[in-house]
Amino acid sequence: MMGKNLTAVRDRNGLVISGFSQPIGEREAWQVSSFNEDFLLAKKAAASTDTVMGASFCSTDVFADFLLGMHLRKWSGAVVIDSGYGEKRLYLRDGELVFATSDLFDDRLGEIAYRKGMITLDQLTESAAKVTRGLRFGQVSVRSGIFTDFELWLALKEQVKEILKSVFMVDSVYFELGAGRHESSEVIFSEGAASLVESCYGYGAMFRSFVETLKPTSWVTMQNPARAEEGTFLGDLIAIIGRRISVKDFINQSKLQRPYILSALMDLVNRGVCLIEEAKVRTFDEYGPKLFAIRKLVKAYEIAVKIAQKAFEDESMLFPIADLRSLVSSFNIDMPVFFLDPSGNISPESTYSIYSQCSFVKGRYEFFEIRIKSLIEFLVQVTGDHLSDAVVRQIRSSIREYYA
């Protein structure tokens, strides 16, 4: 498959393709076929296609629906994907996603475990040095005590999810189907393939919406560095940012592929660690049918926070924002989306992320609805525990038209 490192130049009636990572033998014949106006597939002429059931080039929106269809059909096999950033393989058994692999360095188990905060950089370096052809990273990590067997299981699930998320971080993909292909290792997701695909597709929609706001003149400015824990991947990125850095320089100073470092930047922005200056303004049709209901819930929470804060101030008591942050953190186990600003409201970046997912993914409203309602009810409970029932009644009365 052709990635973004290859270039093709017309030469009379042919194409000159350059940029291969390894030399091509003189006797190797290749066939090039077109899938749309700007996508070419190059294959060795002698390559066997017996195991390829079909191939297609499509938008990632369509690809998400395709995966959901294969889940409903309980299909088994491998989906081989080229998104322009390495070759990725999704393995399905009876319609459930059971494993994923990638030839991209950034998708290796150790790299993902480090970025997810499951291991330190020293542990990554130490384990990677012991990996051999017959001894995988996971085996090294368990035998050295870095991972327990359960922690390795969780890390493998994170690797599969991160690879699936990366597929939806681009606009379009080329993919092939191979029936009967499977890996020796498999993991099971309790949420099921449909929920997993929907979640990762939602992440991709959120990511692409964020990237569209970045301009050549955009800057990354440090805001709250303490929110990124020292020694973690996000904490280490703070050293690159310093006080202020252009988005272009931030990308260039990282060894990660562009989508992965921008994903990390989005995470830092969502967490309130830094902000983007001179970015394009994101606009959403908040009154449209896709966002109207979720907008009402966000508004209800804002009203509840305002009333509760005033009541706590009147009683000279501290507003329990730390407890609200703890609840919000529990929402981010699968995907870092929910973050509060200093006043306790859902941050603007989090609101944009929620809106972008609800705009593109049909089932995401219910996902966010239950979490925002949970946040509202927790705030009401805490307020009643520390103050009076009169304040609780005031909150419920004020948000009734938004909350219903």
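Computed values, structure above
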item	result
Qualifying residue in the range 166-182 (condition: assigned to a helix (DSSP H, G or I), within 19 Å of Ile112 (Cβ to Cβ), within 17 Å of the chain's Cα centre (by Cα) and in contact (Cβ under 8 Å) with a residue 60 or more places away in the chain)	yes
Tally, over the range 262-319, of residues that are outside any loop (DSSP other than H, G, I, E, B), of a type outside the set (D, E, K, R) and under 26 Å from the mean Cα position of the chain (by Cα)	17
Neighbours by Cβ (under 9 Å, 6+ apart or cross-chain): first from the range 374-402, part of a helix (DSSP H, G or I); second of a type in the set (Asp, Glu) and exposed (fewer than 14 other Cβ atoms within 10 Å of the Cβ)	Phe378/Asp323; Val382/Asp323; His386/Glu315
Pick from the range 351-368, criterion of a type outside the set (Gly, Ala, Ser) and not in a helix (DSSP H, G or I), ranking: nearest to the chain's Cα centre (by Cα)	Val361
Filter result for Ala113 (of a type outside the set (D, E, K, R) and part of a helix (DSSP H, G or I))	yes
Test: Ser127 is touching a Gly at 6+ places or on another chain (Cβ under 8 Å), surrounded by 19 or more Cβ atoms within 10 Å (Cβ to Cβ), closer than 24 Å to Ala78 by Cα and assigned by TED's automatic domain parsing to the domain that holds His71	no
Among the candidates Glu186, Glu162, Glu198, residue that is in contact (Cβ under 8 Å) with a residue 40 or more places away in the chain, more than 28 Å from Cys358 (Cβ to Cβ) and surrounded by 14 or more Cβ atoms within 10 Å (Cβ to Cβ)	Glu186
Filtered residues of the range 42-70 (kept if at pLDDT 90 or above and either under 25 Å from Arg93 (Cβ atoms) or part of a helix (DSSP H, G or I) (or both))	Cys58, Thr60, Asp61, Val62, Phe63, Ala64, Asp65, Phe66, Leu67, Leu68, Gly69, Met70
Residues of the range 86-115 that turn out to be out of contact with any strand residue (DSSP E or B) (no Cβ under 9 Å at 6 or more places or on another chain) and touching a residue at least 60 places away in the same chain (Cβ under 8 Å), as a count	5
Within the range 256-279, considering residues that are modelled with pLDDT under 90 and within 21 Å of Met169 (Cα to Cα), the one surrounded by the most Cβ atoms within 10 Å (Cβ to Cβ)	Asn270
Any chance Phe99 is in a loop (DSSP other than H, G, I, E, B) and crowded, with 21+ Cβ neighbours inside 10 Å	no
Filter result for the condition that a residue is small (Gly, Ala, Ser), out of contact with any Lys or Arg (no Cβ under 7 Å at 6 or more places or on another chain) and within 24 Å of Phe367 (Cα to Cα), over Ser172, Ser209, Ser185, Ser199	Ser199
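The values are calculated or read from the model by the stated rules, or taken from the named source; none is laboratory data. The structure displayed is predicted, hence computed values, not measured ones. Note that we place each Cβ from the backbone using ideal geometry, even for glycine, and neighbour counts take in every protein chain shown.
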